[in-house]
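J.: Quick one: structure below, then a few questions.
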Amino acid sequence: MLTKVYGSAVFGVEATTVVVEVNVARGIGYHLVGLPDNAIKESNYRIAAALSNNGFKIPGKKITINMAPADLRKEGSAYDLSLAIGILTASGQINAGNLDDYVIMGELSLDGSLQPIRGALPIALKAKEEGFKGFILPESNAEEAGIVEELLVFGVKEIT
């Protein structure tokens, strides 16, 4: 099953929306494409531990993740939550029917709690500009993102 989740890349004070496409299909493997840096490539370890420690699982199937636009370098661990929500939705472990309305960012700890991210304000501004209804991010960044009017901001403590 194919799922799309929206995140954002921050360069200085500018943000660019990133589409995280997650496909779970028959087979075995984990493939991450779209110019991710090492922190993003290592995300599968953080995500697997966080999901396992919260009653979810990495499906024993072929997982293909594309981060678009593919020619834009993606950096940092702030995509963990986007990738995890994509995996959970594509594998049918959660029902998140309105993902298109939200930008989702956050670094996962191994216990599933969320660590702060950089660039919450530029991401929130870009989300509003592009017509997203809301922004889901670590609770510790909610006040910063909440400055942006007419954008719902959901600060969360953990993946559950």
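The values are calculated or read from the model by the stated rules, or taken from the named source; none is laboratory data. Note that this is a predicted model, so its numbers are computed, not measured. Note: ideal-geometry Cβ built from the backbone for every residue, glycine included; neighbour counts use all protein chains shown.
J.: With respect to residue 153, is the statement that it is in a strand (DSSP E or B), more than 23 Å from residue 40 (Cα to Cα), in contact with a helix residue (DSSP H, G or I) (Cβ under 9 Å, 6 or more places away or on another chain) and in contact (Cβ under 8 Å) with a residue 12 or more places away in the chain true?
T.: yes
J.: For region 9-32, which positions are of a type in the set (A, V, I, L, M) and either closer than 22 Å to residue 123 by Cα or under 14 Å from the mean Cα position of the chain (by Cα) (or both)?
T.: Residues satisfying the conditions are 9, 10, 13, 15, 18, 19, 20, 22, 32.
J.: Identify, please: which residue in region 64-79 is hydrophobic (A, V, I, L, M, F, W, C) and in a loop (DSSP other than H, G, I, E, B) and is, among those, surrounded by the most Cβ atoms within 10 Å (Cβ to Cβ)?
T.: 78
J.: Next question. Looking at (1) touching a residue at least 60 places away in the same chain (Cβ under 8 Å); (2) under 17 Å from residue 16 (Cβ atoms), can you tell me which one residue 112 breaks?
T.: Unmet condition: (2).
J.: Could you tell me which numbered condition residue 48 fails, if it satisfies all but one of (1) touching a helix residue (DSSP H, G or I) at 6+ places or on another chain (Cβ under 7 Å); (2) over 25 Å from residue 125 (Cα atoms)?
T.: The number of the failed condition is (1).
J.: Hey, another quick one. With the requirement that a residue be closer than 25 Å to residue 146 by Cβ, at pLDDT 95 or above, of a type in the set (A, V, I, L, M) and in a loop (DSSP other than H, G, I, E, B), what does region 95-128 give you?
T.: 105, 117 - these are the residues of region 95-128 that are closer than 25 Å to residue 146 by Cβ, at pLDDT 95 or above, of a type in the set (A, V, I, L, M) and in a loop (DSSP other than H, G, I, E, B).
J.: Hey, does region 15-31 have a residue that's among the aromatic types (Phe, Trp, Tyr) and either touching a Gly at 6+ places or on another chain (Cβ under 9 Å) or buried (at least 17 other Cβ atoms within 10 Å of the Cβ) (or both)?
T.: no
J.: Tell me yes or no: at least one residue of region 80-94 is crowded, with 23+ Cβ neighbours inside 10 Å, assigned to a strand (DSSP E or B) and at pLDDT 95 or above.
T.: no
J.: If you go through region 129-156 one residue at a time, how many are touching a Phe, Trp or Tyr at 6+ places or on another chain (Cβ under 7 Å) and either at pLDDT below 95 or crowded, with 18+ Cβ neighbours inside 10 Å (or both)?
T.: Selection size over region 129-156: 7.
J.: Out of contact with any Phe, Trp or Tyr (no Cβ under 6 Å at 6 or more places or on another chain), modelled with pLDDT of 95 or more, of a type in the set (Ser, Thr, Tyr) and surrounded by fewer than 17 Cβ atoms within 10 Å (Cβ to Cβ): is that true of residue 52 in this structure?
T.: Taking the combined requirement at face value, the residue satisfies it.
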